[in-house]
Amino acid sequence: MARKSNLSIEEQIEKKEAEITSLNEQLKNAKNDLKKLKDDKQLADTQRLLSAIEASGKSVDDVLNMLNNQ
């Protein structure tokens, strides 16, 4: 059996709209966090790659040529 709400229809609508607004803000924040994480990962990967190239004694062009000739 459904429980009767003490809120009017208008109040229920306002409550749902506020809930949706809050969830949209949480989603926006989560997307921003994800973008920052992806950017951080790309930067870390780039730094690792450059360190490996430098450690090999080869230039970036040498490595690119090796990759393109495979």
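The values are calculated or read from the model by the stated rules, or taken from the named source; none is laboratory data. Bear in mind the structure is a predicted one, so any value in this text is a computation, not a measurement. All Cβ positions, glycine included, derive from the backbone under ideal geometry; neighbour counts span all protein chains shown.
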*Does Glu17 count as over 30 Å from Leu64 (Cβ atoms), surrounded by 10 or more Cβ atoms within 10 Å (Cβ to Cβ) and of a type in the set (D, E, K, R)?*
yes
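May I ask you to verify whether Gln70 is out of contact with any helix residue (DSSP H, G or I) (no Cβ under 7 Å at 6 or more places or on another chain) and assigned to a loop (DSSP other than H, G, I, E, B)? Before the answer, list the steps.
Working: out of contact with any helix residue (DSSP H, G or I) (no Cβ under 7 Å at 6 or more places or on another chain): yes; assigned to a loop (DSSP other than H, G, I, E, B): yes.
Judged against the criteria, Gln70 is a match.
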_Among the listed residues Asp45, Asp61, Asp39, Asp33, identify the single one that is free of Cβ contacts under 8 Å to residues at least 40 places away in the same chain, exposed (fewer than 10 other Cβ atoms within 10 Å of the Cβ) and out of contact with any strand residue (DSSP E or B) (no Cβ under 7 Å at 6 or more places or on another chain)._
Asp61
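Yes or no: Ala55 hydrophobic (A, V, I, L, M, F, W, C), part of a helix (DSSP H, G or I) and surrounded by fewer than 10 Cβ atoms within 10 Å (Cβ to Cβ)? It would help to see each step written out before you state the result.
Working: hydrophobic (A, V, I, L, M, F, W, C): yes; part of a helix (DSSP H, G or I): yes; surrounded by fewer than 10 Cβ atoms within 10 Å (Cβ to Cβ): yes.
Here the answer is yes, as Ala55 does meet what is asked.
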*What is the one condition in (1) over 29 Å from the mean Cα position of the chain (by Cα); (2) modelled with pLDDT of 95 or more that Ala52 does not satisfy?*
(1)
_If Leu7 satisfies all but one of (1) part of a loop (DSSP other than H, G, I, E, B); (2) exposed (fewer than 10 other Cβ atoms within 10 Å of the Cβ), what's the number of the condition it fails?_
(2)
